[in-house]
Amino acid sequence: MAVYAGGMEASGVGAALVAQRAFAAGTMHPRDALRYLAFELDTFSYVLSTGADGESAGHDVADFLAAYNARAAAVAAPPLTRRALRREALGALANPMLAFAAYGIGRYLADGATDVAVPTLSMAGVRYLPMVRYRLAPYGTEWSLVNQFGGRVRPTEVELRVGRAPRMTPWGLRARQGDVAFWREWSLDASVDVWRQPRLDLAAVEPSPAAPRTGVYVRGRLERPFVPVWFSTDRATVMVDIGAKSAGFVPGEPLRNGIVVRAGIGLPLAP
């Protein structure tokens, strides 16, 4: 199930990054809006394309359903039907960022405007934007409510995840704060994930019949402007990600437990 949903998971992670940056900036360029729609609607459109009469081999959603229902049958749990999956996927449309992105593209086509404001709720100078997400996970399906905060407070995100797995209801909670001054020109983006979900048999990449497991993932990203580039007034940045996690599913991360280290260069691409 993790393999079948892997491409859709990557699209969801890409959409989340675009949304975070658009919220922090307060505007979205039409090109970013187009990227966001393509990423965010990937799972939604793939689920809706799954017919009731079966699909050819290699259709990821159909294979995901087959794997889920085989696991459900093994533990005498109710199956997940194509109809139920399509109905649940409609919840992903309860996401105002989709409407903002579509409006930005339409406005660009109509009058050439190259940015669109990202409207938010405002409370005592604090900007707030809720978004509903829907994804397929290695143990079943998952909904999440993402709460973005900004304005008088540093960029902050609180995400609540609730899922479905055979004979249990997984859940997860994530808190993230970005743009924290760290040292000299270094900035810090830190997050903590806590979850309760089925144990995963990582040798077979499937849920284990053992009792559910509680897990945690602590992560920090350091970023610093590095060198000028000829194609932008901003400098390229160097980024280092360091984290430690338990075995379990967190979107965009390895399933196994251990230390996670990444490093790279961020290029300031012109809009």
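The values are calculated or read from the model by the stated rules, or taken from the named source; none is laboratory data. Computed from a predicted structure; not experimentally measured. Every residue, glycine among them, receives a Cβ derived from its backbone with ideal geometry; neighbour counts consider all protein chains shown.
Some notes on this structure:
- Subset tally (residues that are surrounded by 12 or more Cβ atoms within 10 Å (Cβ to Cβ), in a helix (DSSP H, G or I) and without any contact (Cβ under 8 Å) to a residue 60 or more places away in the chain) for the stretch 75-102: 11
- Flag for VAL116 being surrounded by 13 or more Cβ atoms within 10 Å (Cβ to Cβ), modelled with pLDDT under 90 and within 30 Å of ARG154 (Cβ to Cβ): yes
- GLY172 vs. criteria small (Gly, Ala, Ser), touching a Leu at 6+ places or on another chain (Cβ under 8 Å) and either crowded, with 16+ Cβ neighbours inside 10 Å or assigned to a strand (DSSP E or B) (or both): yes
- Residue in the stretch 200-214 that is at pLDDT 90 or above and either hydrophobic (A, V, I, L, M, F, W, C) or closer than 27 Å to PRO78 by Cα (or both) present: yes
- Tally of residues being part of a strand (DSSP E or B) and under 19 Å from the mean Cα position of the chain (by Cα) across the stretch 245-260: 2
- Residues located in the stretch 48-63, provided they are in contact with a helix residue (DSSP H, G or I) (Cβ under 9 Å, 6 or more places away or on another chain) and either more than 30 Å from LEU109 (Cα to Cα) or at pLDDT 90 or above (or both): THR50, GLY51, ALA52, GLY54, GLU55, SER56, ALA57, HIS59, ASP60, VAL61, ALA62
- Close pairs (7 angstrom Cβ cut-off, 6 or more residues apart or separate chains): closer than 19 Å to VAL260 by Cβ in the stretch 169-192, among the aromatic types (Phe, Trp, Tyr) and assigned to a strand (DSSP E or B) anywhere: GLY172/TRP195; LEU188/PHE182
- Candidate set from the stretch 128-148 (those that are out of contact with any helix residue (DSSP H, G or I) (no Cβ under 9 Å at 6 or more places or on another chain) and of a type outside the set (Gly, Ala, Ser)); member that is nearest to ALA72 (Cα to Cα): PRO138
- Condition met for LEU109 (in contact with an Asp or Glu (Cβ under 7 Å, 6 or more places away or on another chain) and either modelled with pLDDT under 90 or in a helix (DSSP H, G or I) (or both)): no
- Condition met for GLY151 (small (Gly, Ala, Ser), modelled with pLDDT under 90, more than 30 Å from PRO212 (Cβ to Cβ) and within 20 Å of the chain's Cα centre (by Cα)): no
- Test: residue in the stretch 123-144 that is over 28 Å from ALA2 (Cβ atoms), more than 19 Å from the chain's Cα centre (by Cα) and assigned to a helix (DSSP H, G or I): no
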